[in-house]
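The values are calculated or read from the model by the stated rules, or taken from the named source; none is laboratory data. As the structure is a computational prediction, the values presented were derived from the model and not from experiment. Reconstructed Cβ throughout: ideal geometry from the backbone, glycine too, with neighbour counts over all protein chains shown. Only protein heavy atoms, including side chains, enter the accessible area calculation; ligands, DNA and RNA are left aside. Shrake-Rupley method; radii C 1.70, N 1.55, O 1.52, S 1.80 Å.
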Amino acid sequence: TEAMEENFGMDIEVGEFGDNVPAEDGSFFGKYKIQLAAAAAVVVVLGVIIFVVAGSSSYKTPVKELVKLINKQSSDVFAYQELIINPYEVAYNQDAYKILKKNDDYRDEFELAKEFLADFYDANDGFRISSCDFVKAEKMKGSALRDVQRTLFDSDEYEDLLEEFDEMDKGDYEDMADDLDISISDAKQLVKETKKALKAMLKAEVEDGYTVTLRFYGEYDGDEEKTEKIEGIKIIKLDGTWFIYNPSLMFEKFNFQNDELYVDMHRVYRYVNIASFGDF
């Protein structure tokens, strides 16, 4: 069906490290943007991953953990995603990867994303973020949280997708398997997880949020450099998980520059999005 071609079609462009960084609006995967999320069970599993332990984190946690990843020079794409993407999409990315990595092109591009991160840190060896100040934090009111809810989740769209998935026949599964270069059984498993995920998302609710102003301090060869104040960053709590809701805005100004140093942290954000094919 046309809907299935739009949501599961494949259009990969291979990039190279350097100026040919991933496109600003997503990834190398083009039509690999499945408007799906992970099943509730997978979200529960995420509770033991990285910083996510319900009730034990605060709105400051994703920023602090992001600094730790950067200072470790981590190339774990999913670890970054857990801090800057909503947990449903993170869970879906991880769950779908188990199936889609059987596609050689997708797996190679995902590995390329990790190489980009490793090369970035190698080019900036000796740089670290020494601290981050929360200059200002304002608790978001109900109306602002409802706006985030409406932006994150479109119940009408999810219900339409569920109806389309329910109407899939043998030919649709065969077409999907052919387009994604996976087996028919894997295609059926992907749809099964998708349907459970969409049903879970229909019940999702934004729980809390803060709008913060940040300032980062970096060190390089003993010299310290600081960013300007980064205003308007929203940190949202969803299903017990805090994440940075608008990371692109943060990373646009998350850079360090003086006469001898320029560290463009925005590249980290772009590399991490290589492996993101949810479209929320």
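If you check Glu228 against the conditions, is it over 22 Å from Ala96 (Cα atoms), outside any strand (DSSP E or B) and either touching an Asp or Glu at 6+ places or on another chain (Cβ under 7 Å) or open to solvent by 30 Å² or more (accessible area, probe 1.4 Å) (or both)? In short, yes. When residues in region 248-266 are screened for being assigned to a helix (DSSP H, G or I) and open to solvent by 10 Å² or more (accessible area, probe 1.4 Å), 4 of them pass.
Here are Ser56, Ser75: which of them is out of contact with any Pro (no Cβ under 6 Å at 6 or more places or on another chain) and either acidic (Asp, Glu) or at pLDDT 90 or above (or both)? Give the steps one after another, and end with the answer.
Details: Ser56 fails: either acidic (Asp, Glu) or at pLDDT 90 or above (or both).
Unique residue meeting the criteria: Ser75.
Asp160 meets each of the listed conditions (1) surrounded by fewer than 18 Cβ atoms within 10 Å (Cβ to Cβ); (2) outside any helix (DSSP H, G or I) apart from (2).
Give region 184-205 a look and list any residue that's among the charged types (D, E, K, R), within 20 Å of Ile99 (Cα to Cα) and without any contact (Cβ under 8 Å) to a residue 40 or more places away in the chain, or say none. Break it down into steps so the answer makes sense when it comes.
If we filter region 184-205 for residues that are among the charged types (D, E, K, R), which is where we start, we get 186, 188, 192-193, 195-196, 199, 203, 205.
Still in the list and also within 20 Å of Ile99 (Cα to Cα): 186, 188, 192-193, 195-196.
Once the filter is applied, which keeps residues that are among the charged types (D, E, K, R), within 20 Å of Ile99 (Cα to Cα) and without any contact (Cβ under 8 Å) to a residue 40 or more places away in the chain, region 184-205 yields Lys188, Lys192, Lys195.
Could you tell me whether any residue of region 203-223 is surrounded by 13 or more Cβ atoms within 10 Å (Cβ to Cβ), under 30 Å from Asp104 (Cβ atoms) and not acidic (Asp, Glu)? For region 203-223, residues surrounded by 13 or more Cβ atoms within 10 Å (Cβ to Cβ), under 30 Å from Asp104 (Cβ atoms) and not acidic (Asp, Glu): absent.
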